[in-house]
1. Looking only at the range 27-41, which residues are touching a residue at least 24 places away in the same chain (Cβ under 8 Å) and open to solvent by 50 Å² or more (accessible area, probe 1.4 Å)?
2. For the range 141-168, which positions are in a strand (DSSP E or B) and within 11 Å of the ligand (Cβ to nearest atom)?
3. V10: open to solvent by 20 Å² or more (accessible area, probe 1.4 Å), closer than 22 Å to R150 by Cβ and of a type in the set (V, I, T), yes or no?
Amino acid sequence: MEPVEINAGVYYLRQLRADDLLDDRPALIEAFADADHQRFVLNYRLRNTGEADRYIARRAAEWARGERCSWAVAEPVTGRLLGEVGLKDLDRASGTAEATIWVHPAERRRGVAVTAVNAAVRFGTDALGLREVAYLYHEGNDASAAVARRCGFRFVDTLVSPDGRKLLRCLRSTR
Ligand SMILES: CC(C)(COP(=O)(O)OP(=O)(O)OC[C@H]1O[C@@H](n2cnc3c(N)ncnc32)[C@H](O)[C@@H]1OP(=O)(O)O)[C@@H](O)C(=O)NCCC(=O)NCCS
């Protein structure tokens with residue numbers, strides 16, 4: 001799948017970049033160093049430019065394979081990276097995916113997550129034809145619980161994450 005950009009109103013969603021015009025790597029490294037980010041976003045370590053390069057390349061490959069749509073949430077004039085939103089475990093045959101979100105610690109509590117998740121889910125519905133999008137968050141992640149609520153996800157059940165913590169699974173039906 002070709003990466004697409006989304007105009008989400010006060011923000012725009014674009015592919016992660018590391019080039020002469022826009023270099024997301026410093027902001028990525030800062031965000032992944034944050035304690036809450038490390039507590040609630042598992043599976044990735046991004047400590048240096050090389051790891052950031054590999055992360056950006058991985059996201060581009062996932063787009064190409066149609067496995068995951070991912071976007072940098074960007075400030076509309078400068079293009080500065082504020083966070084990342086995605087639709088992972090994309091299954092267009094069954095019409096399902098899981099929404100993911102993180103926001104740079106300096107950019108939180110301004111509505112970035114709610115705006116970005118709503119835009120990503122709308123893309124999933126209108127452009128990809130998804131019928132149901134999931135959203136999972138760890139017990140105790142109050143900010144993420146608020147995002148789920150504000151974006152219209154309803155709680156369905158509790159799972160156990162690979163590290164043994166409780167994961168609350170929510171769904172938003174799109175039809
Ligand atoms: C969760 C996260 C993405 C929220 O991003 P954000 O841009 O600050 O969220 P928003 O500004 O859109 O706020 C959404 C809601 O969360 C609430 N909220 C934000 N931070 C909060 C906090 N620390 N505690 C309680 N509520 C919080 C806001 O008040 C808002 O609710 P409201 O509109 O009812 O007042 C961000 O805190 C983050 O990146 N955390 C670390 C990574 C993470 O947990 N990712 C999610 C994994 S499931």
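1. Within the range 27-41, E30, D36, R39 qualify.
2. Of the residues in the range 141-168, the ones in a strand (DSSP E or B) are 154-160, 166-168.
L167, L168, listed by residue number.
3. On the way: open to solvent by 20 Å² or more (accessible area, probe 1.4 Å): yes; closer than 22 Å to R150 by Cβ: yes; of a type in the set (V, I, T): yes.
So V10 fits the description; yes.
Let's see how each residue does on (1) open to solvent by 60 Å² or more (accessible area, probe 1.4 Å); (2) under 18 Å from Q15 (Cβ atoms); (3) acidic (D, E); (4) in contact with a strand residue (DSSP E or B) (Cβ under 6 Å, 6 or more places away or on another chain):
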| site | (1), (2), (3), (4) |
| --- | --- |
| A60 | no, yes, no, no |
| W63 | no, yes, no, no |
| G79 | no, yes, no, no |
| A93 | yes, no, no, no |
| W102 | no, yes, no, yes |
| V114 | no, no, no, no |
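A quick yes/no check of all residues on (1) in contact with a helix residue (DSSP H, G or I) (Cβ under 6 Å, 6 or more places away or on another chain); (2) crowded, with 17+ Cβ neighbours inside 10 Å:
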| residue | (1), (2) |
| --- | --- |
| R68 | yes, yes |
| P76 | no, no |
| P105 | no, no |
| A145 | no, yes |
| T158 | no, no |
| P162 | no, no |
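The values are calculated or read from the model by the stated rules, or taken from the named source; none is laboratory data. Predicted model, so just to flag it, every value in this text is computed and none were measured. Note that we place each Cβ from the backbone using ideal geometry, even for glycine, and neighbour counts take in every protein chain shown. Ligands, DNA and RNA are stripped out before the accessible areas are found, and what is left, the full protein with its side chains, is counted by its heavy atoms. Shrake-Rupley method; radii C 1.70, N 1.55, O 1.52, S 1.80 Å.
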